[in-house]
Amino acid sequence: MSNTEQKTAVGLTPYLSPAAAWALALGTSIGWGSLVVTTNTYLAQAGPLGTICGLVIGAALMIVISRNFAYMAMQYPDAGGVYTYTKTVFGYDRAFLISWFLSLVYISMFWANATSLPLFARYFLGDTFRFGYLYTVFGYEVYIGEVLLTLFAVLLVTLLCIRSKRIAAHVMVGLAAVLTLGITVCFAVAMLRGGADVSHLRPVTLPEKSAFSQVLRIVFISPWAFIGFEGITHSAEEFKFRRTKLFRILCLSVVSATLLYIFVTLLSISAYPAEYGSWLEYIRDLGNLGGIRGIPAFYAADHYLGSFGIVLLSLALLALVLTSLIGNLRALSRLFYAVARDDILPAAFAELNSKQIPAKSMMLVAALSVPIVFVGRTAIGWIVDVTTIGATLLYGFVSAAALKMARQDGNRGVQVTGWIGFLVMLVFGVYLLFPNLFSDNTLETETYILFIVWSIIGFFYFRRIIGKDHARRFGKAIIVWIVLLAMVVLMSMIWTSRADEQVTEQAIHAVQDYYNGTAPAEAYTMGEEAFISSQIAMTDRSSLFNTVVVLALFLLALAAMLINHFSMKKWEQQTASERDAARTAAYVDPMTGVKSKTAFAEEEKNLDTMISGGINNAFGLVVCDVNGLKYVNDTFGHQAGDAYIRSGSRLICEVFQHSPVYRVGGDEFLVLLTGRDYEARETLLEQFNSRVVENLREDRVVVSAGMSVFIRNEDNCLHDVFERADALMYERKKTLKSMGAKVR
């Protein structure tokens, strides 16, 4: 075994208890966003009633998805989760696709929670870490102190998970208890002290939209609230409990997360500053507020519990961040471990340390996270969108896999949940990727750019995989190229449309300001006609630029696709050549160049089929044996013996020029007589025997031969013909022996 094989032979060892599995599922799915994004995304778009209804419906869907995950984990209890399921059910190409986008989802969640720590510090520690100003990215100031804080957290979590998986699991259980109790206690106290007053809930939905559309909006983005709970399926090899319990654990994590989201939602609107007439006014002004006033849940905790509430909820928030970091690191490292075993990643990432932990995969996650800490929280909106789309893709694939497997097993219950999960996620995907279809710009514009770039990188990385795939497992289907190219084209078109809309809106607002008298002074110095022309020119330039960018991206993706295509053609030709070479090696005798024993066995099978089917074409068989081979080997050596065999083979081929010759033993040959050789068989045998007698006199190669023909309605198979020819060959051998030939 190689070093890598030795290191991976033991595999991941079981150690996860049901409590640890629940803590990992809950901690991975609920992070910083439960206290922050829940407010400025859920409440701001649907109000408390719309949020709660949407979350409950989303949770019900996640229960369905949980059933599909639990079923697949029972079938394939290996590391890798949905990657393993897809690989087994749909093949390696589709498995690459799911692993490619799933990696982006998990690493995005890891980044989102890692970069939330500077925000945590800004809210609760003031300017403690805001030293060493570096630069500003999209309005976000990046400081060396906050960078060091984030790097320290990433390093700390990575070292904890590498040093001991059991300690990390115990830490997860403790942190999950802290976050659950912290949020629950703050919520319960708030409700007991007046927060349950229904007046705080008004308006229960946003007044400018229908309640149904608001609930639907939350339902469609609800996968974001739960993505990560399935991460424990990547650790299926490490379960120290019956896998039949997995469904209950997943359901419990979904219910727990849903309740915590609801608690935070209601807590956030249970109290607000006196200067606001309603929670809605307060929520919509959060961008202008700082400190704990900028986080409604913390304002409410302070309102009802004072400093104790702030401390309690701060501990809960810190636990949320740390559990998400640990959970996503574990899930992603197990995914990397699984794909590395299939050579999608270098084999080094499939190695385990002495504690059966994929330490190198964890270090890879940490290394990939280093650049993001220097960007800060700029891309948080993109990350939320990425996880929403990724969750839809992930849950759709696992539902499709469960559906296919359940059909084979006859499991009707899972067939139902598989269909529900697949169809619902298909609808979700259409809603998210086609914003204009519902007149709702669901995703940030930059998210489309991120998916375009990731898809193009996927083209080139997939080519690398195919290039080193000696087992030819990848590249059998064109699905990878189609999906990645479609992603580039689709995302480019939507991004262009969104960008054009934004520029057009800017131009319209500029013109409106001009006529309202609020435009900059230089606009009026240009004159009305010139100003309007400048705005039109700006939109035209933007449209042209966007078109050029989309065309360039399309050409780049197309070039990558063509490169992959030609590479595949080359490898297919190489494979065909190798296959032909292997066939030649199997069907051609390497010493003499005539057909091999394997080739004769296949021909015998075909002839026997024809005979049994009544298709009785005329043919004959000549059995030949090279005389004196043992004498030559013993006297002159095996090299001379090989040359003697080749001489016998040439003699046979020279006489029977139009019939296939087979070497079926060391000194045994068969000739299948058909066509003109069959018609002239007596003459050819006579010529052959005459040449053998001449060789006998000149001390050259001597070959005994016996011939028989197929007799209709008498011979049941080729072997019947062979037995007669073989008997005649031995009679000829005796005759040649009496004439002085060297006979074995």
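The values are calculated or read from the model by the stated rules, or taken from the named source; none is laboratory data. This is a predicted model, so every value here is computed, not measured. Neighbour counts run over all protein chains shown; Cβ positions are idealised from the backbone, glycine included. Surface areas here come from the heavy atoms of the whole protein model, side chains and all, with no ligands, DNA or RNA. Shrake-Rupley method; radii C 1.70, N 1.55, O 1.52, S 1.80 Å.
Okay, here's what the table says:
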item	result
Whichever residue in region 164-199 is outside any helix (DSSP H, G or I) and open to solvent by 40 Å² or more (accessible area, probe 1.4 Å) and, among such residues, is farthest from LEU317 (Cα to Cα)	ASP197
The lone exception for VAL483 - which of (1) part of a helix (DSSP H, G or I); (2) open to solvent by 90 Å² or more (accessible area, probe 1.4 Å); (3) not aromatic (Phe, Trp, Tyr) it fails	(2)
Search result, residues across region 598-610 that are under 22 Å from ASN716 (Cβ atoms) and touching a residue at least 40 places away in the same chain (Cβ under 8 Å)	PHE600, GLU603, GLU604, LEU607, ASP608
Filtered residue count, region 610-659, keeping only those that are under 56 Å from the mean Cα position of the chain (by Cα) and of a type in the set (D, E, K, R)	2
Of all residues making up region 693-721, the number that are part of a helix (DSSP H, G or I) and out of contact with any strand residue (DSSP E or B) (no Cβ under 6 Å at 6 or more places or on another chain)	8
Of all residues in region 611-642 being among the aliphatic types (A, V, I, L, M) and surrounded by 14 or more Cβ atoms within 10 Å (Cβ to Cβ), the one that is farthest from ASP677 (Cα to Cα)	VAL632
Given (1) open to solvent by 50 Å² or more (accessible area, probe 1.4 Å); (2) in contact (Cβ under 8 Å) with a residue 12 or more places away in the chain; (3) in contact with a Phe, Trp or Tyr (Cβ under 8 Å, 6 or more places away or on another chain); (4) not small (Gly, Ala, Ser), index of the condition ILE494 fails	(1)
Any hit, region 396-407, residues being open to solvent by less than 50 Å² (accessible area, probe 1.4 Å), out of contact with any His (no Cβ under 8 Å at 6 or more places or on another chain), at pLDDT 85 or above and farther than 22 Å from GLY80 by Cα	no
Filtered residue count, region 428-469, keeping only those that are open to solvent by 40 Å² or more (accessible area, probe 1.4 Å), part of a loop (DSSP other than H, G, I, E, B) and at pLDDT 75 or above	1
Extreme residue, farthest from SER314 (Cα to Cα), among residues of region 125-163 that are of a type in the set (S, T, N, Q) and in contact with a helix residue (DSSP H, G or I) (Cβ under 9 Å, 6 or more places away or on another chain)	THR158
Any hit, region 230-240, residues being open to solvent by 10 Å² or more (accessible area, probe 1.4 Å), among the hydrophobic types (A, V, I, L, M, F, W, C), at pLDDT below 90 and over 16 Å from ILE63 (Cβ atoms)	no
Selected residue [within 44 Å of the chain's Cα centre (by Cα), basic (Lys, Arg) and modelled with pLDDT of 70 or more] from ARG579, ARG541	ARG541
Residue match in region 713-723 (condition: surrounded by 14 or more Cβ atoms within 10 Å (Cβ to Cβ), farther than 20 Å from LYS605 by Cβ and of a type outside the set (A, V, I, L, M))	no
Counted residues, region 123-147 - those being open to solvent by 30 Å² or more (accessible area, probe 1.4 Å), part of a helix (DSSP H, G or I) and among the hydrophobic types (A, V, I, L, M, F, W, C)	2
Test for ALA586: is it buried (at least 18 other Cβ atoms within 10 Å of the Cβ) and of a type in the set (Gly, Ala, Ser)	no
Evaluation of LEU216 against (1) in contact with a helix residue (DSSP H, G or I) (Cβ under 6 Å, 6 or more places away or on another chain); (2) in a helix (DSSP H, G or I) (one fails), failing number	(1)
Some residue of region 279-297 being of a type in the set (Phe, Trp, Tyr) and open to solvent by 20 Å² or more (accessible area, probe 1.4 Å)	no
Residue list for region 328-378, restricted to those being assigned to a helix (DSSP H, G or I) and β-branched (Val, Ile, Thr)	VAL339, VAL365, ILE372, VAL373
